[in-house]
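Chemist: One structure coming up, written as structure tokens, with questions to follow.
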Amino acid sequence: MKLIIQIPCFNEADTLAIALKALPRQVAGFDAVEWLIIDDGSTDDTVNVARQNGVDHVVKHAGNKGLAKAFMTGLDACLNLNADVIVNTDADNQYSAEDIPLLVAPILEHRAEMVIGERPISTIDHFSPVKKYLQKLGSWVVRVASNTNIPDAPSGFRAMSRATAQKLIVFNDYTYTLETIIQAGQKNITITSVSVRVNEDLRPSRLVKSISSYIKRSIITIVRIFIIYRPFRFFGTIGTVLFSAGFLLGLRFLYKYLTGDGNGYVQSLILASILMGMGFQTILVAFVTDLLSANRKLLEDLRFKVAQLESNRNNKTDNNDFEQQ
């Protein structure tokens, strides 16, 4: 059994050594523990710091691609390196590396395929009230969209099995945290959370450049999640509201017309027609997007099966090479 701990990095030379120093080299249940960093176009000494501190594998991006792309690049690299379990953590030493055994335990015990580290958000001093609220809002949206019960969905401290990593694909360019949990719920991946500790803040968050920017990006991410993973509910709700509003206005005009006062409410009839037409068209869009969502799921299942076949073929090749030696 091999565990690979991956760390997405972008200009992390100042904090990476601290984070690496805390990582374990042995974890119960694994024969090997390896470290991997994803250099997301760093312009500082991140890669040299990583190598000086014993990192086993370095994967580089030609330019900064963003956290979500770095996360997926790391997963692909870990799969190619035959990882059985993958742990993702941050380069700023936010999460306590001593809790990695707790994080992987549900996977080793076959109780879960993905495990999310739950931070004590309410007691973290360097989280502003707005950020704490948005963290809770994001977790609520994820619970609704995925039918899971993860209290700290934005947490980047997580572990997953090899099969789970093969199934995941992130469309969002901003962050992977919410989307991967929703995919887990949709793909029937068993997911749970464990309480983990956090360390002192070493640097400001790279994702939260400003409160206004964080709010804007969070809202866009949440809306996009609903459109991609709950398209029928999203467009169906909008269409139903529009159609219902138009229908009620139409009833109001009909009542006025039947009571002899309809001439003064022609505008209501026009608005009712427009709203009902918009609502009906939006409901049709809901059905179309639902079909597209079903096709996307089929393509994702096909991608997973291809990944499994390639993995099995590579394992057979490695075994044959070993026997020839």
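Chemist: Count, please, the residues in the range 140-161 that happen to be in a helix (DSSP H, G or I), surrounded by 22 or more Cβ atoms within 10 Å (Cβ to Cβ) and not β-branched (Val, Ile, Thr).
Modeler: The number of residues fulfilling the criteria is 2.
Chemist: When you go through (1) of a type outside the set (Phe, Trp, Tyr); (2) under 23 Å from residue 70 (Cα atoms); (3) at pLDDT 80 or above one by one for residue 192, which number turns out not to apply?
Modeler: Of everything listed in (1) of a type outside the set (Phe, Trp, Tyr); (2) under 23 Å from residue 70 (Cα atoms); (3) at pLDDT 80 or above, residue 192 misses just condition (2).
Chemist: Which pairs do you get when a residue that is free of Cβ contacts under 8 Å to residues at least 12 places away in the same chain, found in the range 28-53, comes within reach of a residue that is assigned to a strand (DSSP E or B), reach meaning Cβ atoms under 9 angstrom, with the pair 6+ apart or on two chains?
Modeler: 51/58
Chemist: Just to be sure I understand, how many residues within the range 166-187 are closer than 16 Å to residue 76 by Cβ and open to solvent by 10 Å² or more (accessible area, probe 1.4 Å)?
Modeler: 5
Chemist: Where in the range 1-95 are there helices (runs of 4 or more DSSP H), lying wholly inside it, with at least 3 residues that are open to solvent by less than 30 Å² (accessible area, probe 1.4 Å), more than 21 Å from residue 163 (Cα to Cα) and touching a strand residue (DSSP E or B) at 6+ places or on another chain (Cβ under 6 Å)?
Modeler: 46-52
Chemist: Looking at (1) on the phi > 0 side of the Ramachandran plot; (2) modelled with pLDDT under 85; (3) within 21 Å of the chain's Cα centre (by Cα); (4) not basic (Lys, Arg), which one does residue 169 not meet, given that it meets all the others?
Modeler: (1)
Chemist: Moving on to the next point. Check whether at least one residue in the range 258-273 is surrounded by 13 or more Cβ atoms within 10 Å (Cβ to Cβ) and within 37 Å of the chain's Cα centre (by Cα), and report yes or no.
Modeler: no
Chemist: Among what's in the range 97-136 and is open to solvent by less than 60 Å² (accessible area, probe 1.4 Å), small (Gly, Ala, Ser) and out of contact with any Gly (no Cβ under 9 Å at 6 or more places or on another chain), pick the residue that is modelled with the lowest pLDDT.
Modeler: 128
Chemist: Tell me, which residue of the range 1-16 that is at pLDDT 95 or above and of a type in the set (A, V, I, L, M) is farthest from residue 69 (Cα to Cα)?
Modeler: Once the filter is applied, the top-ranked residue is 3.
The values are calculated or read from the model by the stated rules, or taken from the named source; none is laboratory data. As the structure is a computational prediction, the values presented were derived from the model and not from experiment. Note that we place each Cβ from the backbone using ideal geometry, even for glycine, and neighbour counts take in every protein chain shown. For accessibility, only protein heavy atoms count, side chains too; no ligands or nucleic acids. Shrake-Rupley method; radii C 1.70, N 1.55, O 1.52, S 1.80 Å.
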